[in-house]
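S.K.: The following block contains the structure, expressed as structure tokens.
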Amino acid sequence: MDHITSQPTPGRRGRRVRGERIYNGMPARELGNEGWHKPWSGGNGGNCLEAMKLADGRIAVRQSTDPDGPALIYTTDEMTAFIEGAKAGVADFLLS
């Protein structure tokens with residue numbers, strides 16, 4: 001999380017998938033190629049997480065090195081808890 005390389009356009013609606021059910025673990029390619037952003041990237045050799053705001057307010061996350069792999073789908077509350085917890089050091093034990 002060294003720096004922000006791109007951000008969603010303000011006022012832009014989230015991604016909608018035509019008539020398909022969006023679920024945790026679905027193939028990320030089914031969400032399309034447009035709308036993915038890399039808010040967590042840096043000097044890690046190109047291994048980044050990409051995130052997309054969905055039309056219903058949820059957030060999809062995928063691994064940039066595997067864009068056809070699974071998408072993890074989070075609610076806004078879940079993502080808020082994750083980010084606030086990370087900022088507070090709750091997950092620091094994972095780095096030691």
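The values are calculated or read from the model by the stated rules, or taken from the named source; none is laboratory data. Everything numeric in this text was worked out from a predicted model, so none of it was measured. FYI the Cβ positions are ideal-geometry reconstructions off the backbone, even for glycines, and counts take in every protein chain you see.
S.K.: Condition first: assigned to a loop (DSSP other than H, G, I, E, B) and in contact with a Lys or Arg (Cβ under 9 Å, 6 or more places away or on another chain). Now tell me which residues in segment 46-96 satisfy that. Before the answer, list the steps.
M.R.: From segment 46-96, those assigned to a loop (DSSP other than H, G, I, E, B) are 46-48, 55-58, 64-69, 71, 75, 88-91, 96; that's our starting set.
The answer is C48, A55, D56, S64, P67, D68, G69, A71, T75.
S.K.: Got a number for residues in segment 16-46 being surrounded by 12 or more Cβ atoms within 10 Å (Cβ to Cβ) and either at pLDDT 55 or above or at positive phi (or both)? Give the derivation first.
M.R.: Step one: filter segment 16-46 for residues surrounded by 12 or more Cβ atoms within 10 Å (Cβ to Cβ), giving 16-17, 22, 26-32, 35-42.
Applying the additional criterion that residues be either at pLDDT 55 or above or at positive phi (or both) yields 17, 22, 26-32, 35-42.
The number of residues fulfilling the criteria is 17.
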